[in-house]
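Read through the structure below, which is laid out as structure tokens, and then see the notes.
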Amino acid sequence: MVTCPICNELLQELTSVHCMTRHGMTKSSVIAEYGKPKRLFLTFAADSTVVTPTISPRDFLDSQLLSDRLLSKTRKFHI
């Protein structure tokens, strides 16, 4: 997915049909004048400051209790 350098429309790929119908220019002239279209994922990844998630001991314990309740055959954990 890319964004058009002129109108920022989200496109699968920048095509000459889009350039001619929306902007009245050829694809090569759009690229020459406004630059290459930006890839959406690369733009998103560059702006991202997300770090690797960590699992706290409490979250791990809660998930274990939930799994035990769901997998219990004797229903001793079920309320």
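Electrostatic tally near H23: other residues with Cβ closer than 14 Å to its Cβ, Lys and Arg +1, Asp and Glu -1, net 0. Taking amide hydrogens as placed 1.01 Å from N in the peptide plane, the amide H of M25 sits under 5 Å from those of M20, each at least 5 positions away in sequence or on another chain. Within the straight-line cut-off of under 12 Å between alpha carbons, the aspartates and glutamates reachable from K27 are E13, sequence neighbours fewer than 8 places apart in one chain being disregarded.
Per-peptide packing, taken as the mean over residues of other Cβ atoms within 10 Å, places 25-34, 6-15 in the sequence 25-34, 6-15 from highest down.
Label positions at Q64 and N8, each projected 7 Å from the Cα along the C-beta direction, are separated by 4.9 nm. Shown in residue order for the stretch 21-31 are the 3J(HN,Hα) couplings computed by the Karplus curve 6.51 cos²θ - 1.76 cosθ + 1.60 at θ = phi - 60°: 6, 8, 10, x, 10, 6, 4, 5, 6, 5, 5 Hz (x for Gly and Pro). Applied to the stretch 64-72, the Karplus parametrisation 6.51 cos²θ - 1.76 cosθ + 1.60 on θ = phi - 60° returns per-residue 3J(HN,Hα) values of 5, 5, 5, 4, 4, 5, 5, 8, 5 Hz, with x for Gly and Pro.
Quick note: the coordinates plus some simple rules give every number you see, no bench work behind them. If you're wondering where the values come from, they're calculated on a predicted model, not measured in any experiment. All Cβ positions, glycine included, derive from the backbone under ideal geometry; neighbour counts span all protein chains shown.
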